[in-house]
Amino acid sequence: MKILMIKVSALGDIIHALPAAAYLKGCPGIKELHWLVEEPFAGFLSGQPLIDKIQCISTKKWRQQGIAESLKGVLNTIRRLRREKYDLVLDLQGNSKSGMFTRFSGAPLRFGFDAQRVREWPNLLATNRHITPEKSAEHIIDKNLALGAGAFPGGPPAPLQGPLLADSHYLIKVEKKLSALREKDGPLIIFHYGTTWETKLWSIESWIELARSLWETKAITPLLTWGNEEELEAVKRIASACPQTIIWPRGNLEELMALLKMADLVVGGDTGPIHIAAALGTSTVSLYRATDHRRNGPRGKNHAFLQSPMDCSPCLLKTCPQDEHCRQTIPPENMLKEIHTLLKKQHLW
C-alpha cells in the first residue's frame, strides 16, 4: 500500500507529525510512505528513514511569481501526485491548501479530521473519511496519531516524539565549528531567543539574567542561535550585555539539527528548534505564554516547561496589550532551577 501524508508547514507542526509517520511506517501492509511538504522544510525531512519519498510544493514562491505561475505549480504538483497512484492520503494539515492537494491526489481513501478539529471547513470537502480524536488526545502529537490510527487501527506503539536523525556529515562539520568557537569544555547549552509570534518571546533582559546566572553559578557559556536578522540583533544585545556567551554562525537547517543533537540542553520558547531538539533526543527547557505546553510542549522526563501563570494564558493571541507584562511572569530563576535539575540528571551539574 502506498500512502501520502500531508503536513506542509510549519516547522514545529512538521516535527509533531513525525510520531504519526513512525506509527504508519510500522503498520503491516504499508510499503511506501510519502510526505507532501513545503520546499523550505524538505531538507529537514531529507534522509529520514521513516520517509520513502518527499513531495515538495513551493506556494510562497509561486505566489511571488504571479497567478499564472501559482496555477502552473499547483497543476504540476497534482499531476505528479496522481502519477504515484496513492491508495490513501492522510491530511494532517486540515486547511484549504492541503485539502486541495488531498482532493485531487487521486487516492480513493482520503482521511482527515472532523468538523470540530479541522482548521478550515473547506478541508472537509476534500476528505471522505473523518476522524474524531478522543478528548484525552490533548497534545497535537496525539491528535496526529489518532488520524493514523483511524486509518490503520492496531498499529505499533508510537514514540512520544520524533524519531529524528541528524546527518553524520553535518555532525562532523558542526563539531569542528564548536571546537573553534568554544575555549573550554563543559555542558553545551543552547539559548534560542526567537519565535514566530511576539507573544511567544521572553524578554531580552530575562535572557541576559539567565546567561549571567549560568556563568556565575557554574561557569557555563551558553551558545546563542538565531534564525533571521531581527533575531540576530536581539542575540547581539544579549551577548553585548553578557560577554560569557557565544553567537552561533547561522548555517542551514541540517547544520542546526546537528548542533541541537550535540547539545546537552536547549532552552527556548514554543519554537521549531525546541521541538527539533526534543525529536533528536536532546533535553529541553521551554517557556509558554500565548500557547499551551499541554498541546505543544516536548514530552518525557528529559524535558521541563514553564507556563505563564496569568489567567489568560494560553490566549493564542499573536499580539496582546499585556505582552510586556506577560513576559515578566516567568522569572529567570525559575528557568535556572529547571536547567539545574535536568543537567543534574545528566551528571553535568
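Any read-out appearing in this document is the output of simple, stated calculations on the displayed coordinates, not a laboratory observation. Just so it is clear, the structure is predicted and the values come from calculations on it, not from any experiment. Glycine also receives a Cβ, built like all others from the backbone with ideal geometry; neighbour counts cover every protein chain displayed.
Spread over its residues, the convex hull of the C-alpha atoms of the stretch 168-345 is 111 Å³ per residue.
Each Lys and Arg contributes +1 and each Asp and Glu -1, all at the Cβ; summed about the Cα centre of the stretch 77-235, the dipole is approximately 980 debye.
Each other residue within a Cβ distance under 11 Å of Trp226 adds +1 if Lys or Arg and -1 if Asp or Glu, for a net charge of -2.
FRET efficiency for the pair Arg212 and His169, taken as 1/(1 + (r/R0)^6) with r the Cβ-Cβ distance and R0 = 45 Å, rounds to 0.80. Please give me the summed charge of the neighbours of Asn296: other residues whose Cβ is under 14 Å from its Cβ, Lys and Arg +1, Asp and Glu -1. After counting each charged neighbour, the total is +1. Per residue, the average separation of C-alpha pairs within less than 8 Å and at least 6 apart gives the stretch 2-151 a relative contact order of 23 percent. With each label modelled as a point 7 angstrom along the Cα→C-beta vector, the Ser46-Ala68 pair spans 3.0 nm. The base-10 log of I(q)/I(0) for the chain, evaluated at q = 0.07, 0.09, 0.14, 0.15 Å⁻¹, reads -0.31, -0.52, -1.17, -1.29 [Debye formula, identical scatterers on Cα atoms, solvent excluded]. Farthest towards the positive end of the charge dipole of the stretch 85-237, among the residues Leu165, Thr102, Ser203, is the Cα of Thr102, using unit charges on the Cβ of Lys, Arg, Asp and Glu. Over the chain, Cα pairs under 8 Å with separation of 6+ residues give a relative contact order of 15 percent. With R₀ set to 56 Å, the beta-carbon distance separating Trp121 from Glu183 gives a calculated FRET efficiency near 0.50. Distances between placed amide hydrogens fall under 5 Å for Ile57 paired with Val37, Glu38, Glu39, all partners being 5 or more residues away or on another chain. Expressed in Å, the radius of gyration and Dmax of the Cα atoms of the stretch 126-199 are 20.1, 59.
For the stretch 244-254, putting each phi into the Karplus relation 6.51 cos²θ - 1.76 cosθ + 1.60 with θ = phi - 60° gives couplings of 7, 9, 10, 8, 6, x, 4, x, 8, 5, 5 Hz, in residue order, rounded to whole numbers and with x for Gly and Pro. Counted by Cβ distance under 12 Å from Ser313, the other residues give a net charge of 0, where Lys and Arg count +1 and Asp and Glu count -1. Cβ-to-Cβ counts within 10 Å put Trp215, Trp248 in ascending order as Trp215, Trp248, the fewest first. The length gained on full extension between Lys31 and Ile204, counted as 0.36 nm times the residue separation minus their Cα-Cα distance, comes to 57.4 nm. The order of Tyr170, Tyr23, going from fewest to most other C-beta atoms within 10 Å of their C-beta, is Tyr170, Tyr23. The stretch 259-299 and the stretch 62-141 have their alpha-carbon centroids 28 Å apart.
Could you give the length gained by full extension between Lys318 and Gln346, i.e. 0.36 nm per residue of separation minus their alpha carbon distance, to one decimal place? Gain on extension, Lys318 to Gln346, equals 6.5 nm. Positive-end ranking of Ile78, Asn123, Gly112 along the dipole of the stretch 58-128, with charges on Cβ about the Cα centre, is headed by Ile78.
By the Stokes-Einstein formula, at 1.002 mPa s and 20 °C, the stretch 289-343 with its Kirkwood radius over alpha-carbon pairs has D equal to 174 µm²/s.
Place a point 7 Å from the Cα of Glu134 along the Cα-to-Cβ direction; which residues of the stretch 147-183 have their backbone N under 19 Å from it? Residues 147-161 fall inside that zone. Stretched out straight at 0.36 nm per residue, the stretch from Lys53 to Asn302 would grow longer than its current Cα-Cα span by 86.5 nm. The charge dipole of the chain, taken about the Cα centre with unit charges on the Cβ atoms of Lys, Arg (+1) and Asp, Glu (-1), comes to about 1120 debye, rounded to the nearest 20. Evaluate E = 1/(1 + (r/R0)^6) for Asn228 and Lys85, where r is the Cβ-Cβ distance and R0 equals 51 Å; express this FRET efficiency to the nearest 0.05. Between Asn228 and Lys85 the formula returns 0.80. Couplings 3J(HN,Hα) for the stretch 33-43, derived from phi with the Karplus relation 6.51 cos²θ - 1.76 cosθ + 1.60 (θ = phi - 60°), are 10, 9, 9, 8, 8, 5, 3, x, 9, 5, x Hz, where x marks Gly and Pro. A simple charge model with +1 on the Cβ of Lys and Arg, -1 on the Cβ of Asp and Glu and nothing else charged puts the dipole of the stretch 2-151 at about 540 debye relative to its Cα centre. Each Cα pair of the stretch 2-151 feeds into the Kirkwood radius, which the Stokes-Einstein equation turns, at 4 °C and 1.567 mPa s, into a diffusion coefficient of 84 µm²/s. Working note: Cα gyration tensor of the stretch 38-82, eigenvalues times five, square-rooted, sorted largest first, giving semi-axes of 23, 13, 4 Å.
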